[in-house]
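Here, each number is a calculation from the coordinates, and none is a lab measurement. Only a predicted model underlies this, so the values are computations on that prediction, with no experimental measurement involved. Don't worry about glycine lacking a Cβ; one is built from the backbone with ideal geometry, like all the others, and counts go over all protein chains shown.
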Amino acid sequence: MRPNMRFFIALLWAAVILPPLSKAQKTFPQNGVFDERESLFAFTNATIVKSWNEKLDNATLLIRNGRIEAVGVGITIPKDAVVIDVKKKYIYPSFIETFGNYGMPEIPASTAQRGGGGFFGREQFVSNKKGAYSWNEAFKTEFKAHEVFAPNDKEAEILRGVGFGTVVTHQLDGISRGSAAVVSLSDERAHTSLIKPVAAHVMSFSKGTSTQTYPTSLMGCIALLRQTYLDAQWYANGGSKEEKNLSLEAWNALQSVPQVFDVGDKLEALRAAKIASEFSKKFIIKGRGDDYQRLNELKTTGSPLILPLNFPDAYDVEDPIDALQVALSDLKHWELAPTNPSRVAAAGIDFALTTNGLRNKADFFKQVQKAIEAGLTEGDALKSLTATPARLFGLESDLGSLDRGKIASFFISDKNIFAKDAKILHNWVQGRPYVLSDLDKVDPKGTYNLTVGNQNYVLSLGRGENTATKSGDSTKAKLDMTVLKNSINILFTPSGEKGMIRLSGVVENGNMSGRGQLADGTWVNWQAEAKGASAGNDEERKNTAEAKKEELGDVIYPFIAYGRKELPKSERVLFKNATVWTNETDGILQATDVLIEGGKILQIGKNIDASTAKTVDATGKHLTAGIIDEHSHITVARGVNEGAQSSSAEVRIADVINCDDINIYRQLAGGVTSSHILHGSANSIGGQTQLIKMRFGYEPEKMKFENWPGYIKFALGENVKRANGDGGVSSRFPITRMGVEQVFDDHFTRAREYLNAQKAGKFIRRDLELEALGEILEGKRHITCHSYVQSEINMLLKTADRHGFKVNTFTHILEGYKVAEKMAKHGAAGAGFADWWNYKYEVYDAIPQNAKLMQDAGVLASINSDDAEMARRLNQEAAKSVMYANMDEVAAWKMVTLNPARTLRVDSRVGSVKVGKDADLVLWSHNPLSIYAKAEQTYVDGVKFFDRQEDVKMQDEIRKERARLVQKTLLSKKSGAATQPVQRRTQRLYDCEDEDDEMR
Amino acid sequence: MKKSIIVIAFICSFIIGSKAQPLPAVAQSEPILIMNATAHIGNGKVIEKALIAFENGKITIVDNVQTSRIDMSKFKKVINAAGNHVYPGMISMSTDLGLVEIIAVRQTVDHTETGDMNPSVRSIVAYNTDSQVPPTVRSNGILLAQITPNGGRISGQSSVVELDAWNWEDAAYKFDEGVHVNFPALFSGGFDFLSGGFAQRKNENFAKQITELEQFFSEAKAYAAMTSPSPKNLKFEAMRDLFSQKKTLYIHANLVKEITEGVLFGKKMGCKTVIVGGRDAYLVTDILKSNNVAVILDETQALPARVDDDIDQPFKSPAMLKAAGIPFTLSVNGHWQQRNLPLMAGQAVAFGLGYEDAVTAVTLEPAKILGIDKTVGSLEEGKDATLIITEGDVFDMRTSKVKQAFIRGKEIDLTNKQTDLYKRFKTKYDRLGGK
């Protein structure tokens, strides 16, 4: 039926039995005669699914004035009740949409206004919104959904059609989106449909329509959320005397309601939960449907989830070459996405289902079916749509089950709502009916014995094509049928005959009868008697579910190619007879054994006897400490630069580590065991950095180098003065090297004052930016500064001296060789490229002998990558100093191991092969400085994360798993499933200068 | 306007301010004999104790010290290279060396002309012999380069230069030897904010764009059939020799279908075709082989194209092409990066390519592709004495030290801006007392 037809029928109903629209709105004047009614309805003989775990057969539901008066078996029905017999039908509490924007104003789609600057654009530094609101336009905390809510029957009808009666609605715009309201899907005035004005505070990692530049990155967004929590506390504790801020007031007011957080993937879910725990909050997290990929970690957070049913369509993989572009992770997600709800349920995580994310909300049941086929129980499905949402949003006294006193929002279906062909007939919202289909609608289905005059036929109706078969014949004749209310019209040409038989009659008690005319014009009587009902399909579904279960692939960690089903464990290993590059006074030891255990190096020596250890024959091979990359941007999610302001000391790479980066594995294959993940170089004072260990497969928190003192990225030169944009568009201070000095002078002056105020016990607003700078002044946080030319290097050294802090590292330091003696005197380390130059003006004097000159002048020198590819060949880059400057081989090797370990203050743990240090080791096929050297095995904490032989096996497994999934995809397409075209997805690889706004 | 003048003045000032280029070498004045080196001939052969003589810029003798019976007295200049290696000078392919000085300084960039169809554009006239970059490249053993324009559908024509000259005319070894086509891309699109990566959809116009290119070439071909066409069309004039195969058609293509369609395109047009890029070439070696198409393999020290790929795929591709019998060369992206060509060859050796095959891939094979193998590309009698002497294996940074280099017998200066700066600041620290 077309939607407007349904609407029309609903209107008819309203005209007959419904109270007038204005009934509930007591305050309104009435134009015409008042029509107040009790609206008492009794639904009898129903199967009432009272709640997700309680079903009553042959029961009655009594509702009055939009509330449930009674539910149960053998209830006395008041005389004045309108009795509606719903025999053989089901009544369910209607569903609650927990993540909707029903009835919200449309968000302007114009993106032309978006994009507050970036590398080449003009920045918008503060909010354009008028009034005493947040400085940041993406914080729309003052927005109140209930104030703008306007019922919208067109939208409501779609949701009612799939069983919903209530929506927790909010405007999908901004990082803090303000409050959500609970509303019903009735078409009455907001006065009736508004159930709970302030039901939740909703947040996200997306700026939405904000045109402001800050934040441009996910880490900026997280920092801003963190600062807002602090600001709100400050405001409540007295800050309101210094400034009136309506957004912060709203924020504080909203802290007592549920906090909902919309995330883009499972790792963002973990990030949101982490923010919550920092401020002793608990978020309800609305996921992206890939939660099963990090289920244990999500469970640990204790956050309830709102799950979408956005199961992806299969990819078009018919062309094997094109299909190469589809990643294993996409193929696997296609297969496993429908198992997400059941896996979440099995893990014991509280969850609700949402229609959000569905392209077509009318597909809701189709998707729920898929989830059920993939293992979700009907009980859990129902719970996640009724009781759980009601509980999560404090609606239990009104909604979530069919109990006395609750709102009369329920729907009537012709069978178990999760059966494949179940139909919703009525959806009652707050005691008002919305008719999707007549309760007693004539719908002939099944087999009938038809007698027309003296001829008998067998009719098959409602199962594919309608047909009539003459008795004694096997040829089926196609049959046309029209039903109008109770009247029926049938038309067919019996097989072997020429003319058509036309029958007209009524359907009564499941049988049909009436008058008809044969082809020759003869009038006849006819009857059709039902032969039996159609078989159920629950059994069928069970079978498909079981069949499906068998062929599902494994969840792997990380969820990309080369991920593993089980994470590798630390081993007791004896490397026999290796050439060991100790990086200690022992130098290079020949034919030496190394024993590791419990993640540590246990013993180094000749002929170590360790019978229980796994032995690796290292004859002819070189064993070294793992490579440490001082400068990398792998594993960063959504933006490596927070470049909207000249200082972004408050942002933390630690917040955005992406453990699903294939480059972790690739670099393990290049012998890298630790990597220093840096903020970019778009601003003078960048963000806080994070040292990680390359524990491929582990969650972000477990990749972090334990007990590591914090570092921060600074930058000088062309990037921070925005010289390489198109003609000085930037209005951000500074645009010269002169201004860069001012940024440091200014910020450290303020940071010192901040520290002083703090020490004096003054009431101050906690400022995470100044706190980070204060940590530098106190020697607790260390600087790694992107820098190229000698003038700026010297400038920062002098600035540091003036303000009493140290520059720990100059990174990229390609002109370090010009002022090496000054660096050495200050105690600053240098880390740079081996041979890069001429990509911009400030590297015109870069030379490949830089490291050697710095080292000779007493500077601790390292070679770093800043490049996902080069990082897997850092051993070669180190060797370039041998090639260009005759550096001693051991000294060269230390530039990618011990020197970065010292630079990063972790040399007590890593950087050399020494008893007691972490077993971060690499076994090389050749001298590691040779172009011919290959890492054969790489260990982090004694765990073998890379093995060249295992890698060959994994490639084979990847090929097989892809082949299996491709075959399954092809079959699915053959059976009519929707597909999507192949996409060529490449992972974002960052370098210092990448500054796109990734917060949209 | 004012700003750009200032910038230009600024740039001029630093170029003038730095040390001038090493002087171009003088012509070979006397016969030179290299003795006792391990000679990597370039055609796959090695002579352990070699004897190589050259005179007037040409190689006169390539032999074995033990068996050779030459008259030593003829040579006043004898280089005893015992323990050293001799290789043909390496050839950089498909590079904008000399067309750009500093990538981010627009004023120094001359590699990409505006417009789509620029077959008549010639790289050679913009090749800057005074660039600071080529001296840093040749000091690593690369002595010739194919200077290649970028951009558009048809970028223009490449020329081969020697990396030691007073001006582009002197530098040119072979003028306008090929036309470069950026073949239509199979996928197009951009950044996908949802996945945080680049998600490209299939280019719906792929076939149409190839047809458009065919149209252009067909007209050029018809034009080429005329002896004195009127009106004269410079674009088609530039393409004339493609159809007589005097010029090579370089098709830049990376994905399987781009490569295969590119090969068929070249065949249909009757051109001598070479694939440049060829990242997925290892997947379609049959069609390359059956059409006798060579591949200039781009940047093999690269990440795999796809997450699921063999993590070492780019490293292994050279060996795979060799095993399939495809003629190929290695090539490095960019300008200053050309000096890493030998290391890229070493990487290929580490991942399965035979050592002498790797030598061929950066010497004789590129010479063949460029059609200059009659005179250069290997250590053979009668060819140019364009060669290098190294202390160790030139493909391994651990051992590589280029001691001497000769271009047509001229011994070239192996210093460069960077060695000068090294010396200058070494002096500074020596004066400070060092450490």
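Counting Cβ atoms of other protein chains within 10 Å of each residue's Cβ and taking the mean over peptide B:305-318 gives 6.
Rounded to the nearest 10 degrees, the angle from helix A:3-17 to the longest Cα principal axis of chain A is 50 degrees. Proximity of backbone amide H atoms, modeled 1.01 Å from N, is registered between A:ILE608 and A:ASP593 at under 5 Å, excluding neighbours fewer than 5 places apart on the same chain.
Ordering B:ALA294, A:SER646, B:LEU144 by Cα displacement along the dipole of the protein assembly as shown toward the positive end leaves A:SER646 in first place; charges were set at the Cβ atoms of Lys, Arg (+1) and Asp, Glu (-1). In terms of the mean number of neighbouring beta-carbon atoms within 10 Å, the peptides A:163-175, A:948-960 order highest first as A:163-175, A:948-960.
To the nearest 10 degrees, how steep is helix A:737-759 against the longest Cα principal axis of chain A, on a 0 to 90 scale? With both axes taken from Cα atoms, the answer is about 80 degrees.
Report note on the peptides A:653-664, A:461-472: ranked by the mean count of other C-beta atoms within 10 Å, highest first, their order is A:653-664, A:461-472. Take each residue of peptide A:873-883, count the partner chain Cβ atoms within 10 Å of its Cβ, and average: the result is 4.
Counted by neighbouring Cβ atoms within 10 Å, the residues A:MET823, A:MET104, B:MET117 run from fewest to most as B:MET117, A:MET104, A:MET823.
For the range A:706-717, the Karplus equation 6.51 cos²θ - 1.76 cosθ + 1.60, evaluated at θ = phi - 60°, returns couplings of 5, 6, 9, x, x, 10, 9, 8, 10, 8, 10, x Hz by residue, with Gly and Pro reported as x. Computed from the C-beta positions of A:PHE28 and A:VAL257 and an R0 of 35 Å, the FRET efficiency is 0.75 to the nearest 0.05.
Sites listed here are trypsin sites (Lys or Arg not before Pro) in the range A:311-384 whose DSSP assignment is loop and whose Cβ has at most 16 other Cβ atoms within 10 Å: A:ARG359.
Distance between the 7 Å Cα→Cβ label points at A:ASP421 and A:THR482: 2.4 nm. Computed from point charges on the beta carbon alone (+1 for Lys and Arg, -1 for Asp and Glu), the dipole magnitude for the range A:446-531 about its Cα centre is near 100 Debye. When the Cα positions of A:GLY208, A:LEU439, A:ALA618 are compared along the charge dipole of chain A, A:LEU439 comes out farthest toward the positive end, with charges on each C-beta of Lys, Arg, Asp and Glu. Counting only other chain Cβ atoms within 10 Å of each residue's Cβ, the peptide A:850-860 averages 3.
Of all lysines in the structure, the ones whose alpha carbon falls short of 19 Å from that of A:LYS600, not counting any fewer than 8 places away in one chain, are A:LYS569, A:LYS576, A:LYS614, A:LYS693, A:LYS702, A:LYS704, A:LYS914, A:LYS917, A:LYS944.
Relative contact order for the range A:627-910: 18 percent, from Cα pairs under 8 Å spaced at least 6 residues apart, divided by residue count. Highest mean first, the peptides A:563-569, B:154-160, B:267-273, A:788-794 sorted by other C-beta atoms within 10 Å per residue fall in the order B:154-160, A:788-794, B:267-273, A:563-569.
Of the DSSP H helices in chain B, those that are both long (alpha-carbon extent of 18 Å or more along the helix axis) and hydrophobic (Kyte-Doolittle mean at least 0.5) are B:2-17.
For the protein assembly as shown, the share of DSSP beta bridges that are antiparallel, to the nearest 5, is 65%. Put the Cα centre of the range A:300-356 next to the Cα centre of the range A:636-660 and the gap is 27 Å. Simple rule: put +1 on each Lys or Arg Cβ and -1 on each Asp or Glu Cβ in chain A, find the dipole, and look at A:ILE764, A:VAL882, A:SER384; the Cα lying farthest toward the positive end is A:SER384.
Once the Cβ-Cβ distance of A:GLU778 and A:THR736 is raised to the sixth power relative to R0 = 41 Å, the FRET efficiency obtained is 0.85. Cross-link pairs exceeding 29 Å between alpha carbons, from the set B:LYS202/B:LYS322; A:LYS332/B:LYS316; A:LYS370/A:LYS415; A:LYS441/A:LYS476: B:LYS202/B:LYS322. With a cap of 11 neighbouring Cβ atoms within 10 Å, and only residues DSSP puts in a loop, list the trypsin sites (Lys or Arg not before Pro) found in the range A:599-668. In loop regions of the range A:599-668 (DSSP not H, G, I, E or B), the sparsely surrounded trypsin sites (Lys or Arg not before Pro) are A:LYS606.
Starting from 0.36 nm per residue, how many nanometres of slack lie between A:ARG502 and A:VAL890 once their C-alpha separation is accounted for?
129.8 nm
Applying the Karplus relation 6.51 cos²θ - 1.76 cosθ + 1.60 with θ = phi - 60° to the range B:271-279 yields 3J(HN,Hα) values of 9, 7, 10, 10, 8, 10, x, x, 4 Hz, where x marks Gly and Pro.
Placing +1 on each Lys and Arg Cβ and -1 on each Asp and Glu Cβ, with no other charges, gives the protein assembly as shown a dipole about its Cα centre of roughly 1340 debye. Amide H to amide H, with H built 1.01 Å from N, A:THR811 comes under 5 Å of A:CYS785, A:HIS786, A:SER787, A:ALA831, counting only residues 5 or more places away or on other chains.
Going by how many other beta carbons lie within 10 Å of each one, how would you line up A:PHE261, B:PHE175, fewest first?
Starting with the residue having the fewest Cβ neighbours, the order is B:PHE175, A:PHE261.
Mind checking which lysines have their Cα closer than 22 Å to the Cα of B:LYS232? Skip sequence neighbours fewer than 8 apart in that chain. Output for B:LYS232: B:LYS221, B:LYS246, B:LYS247.
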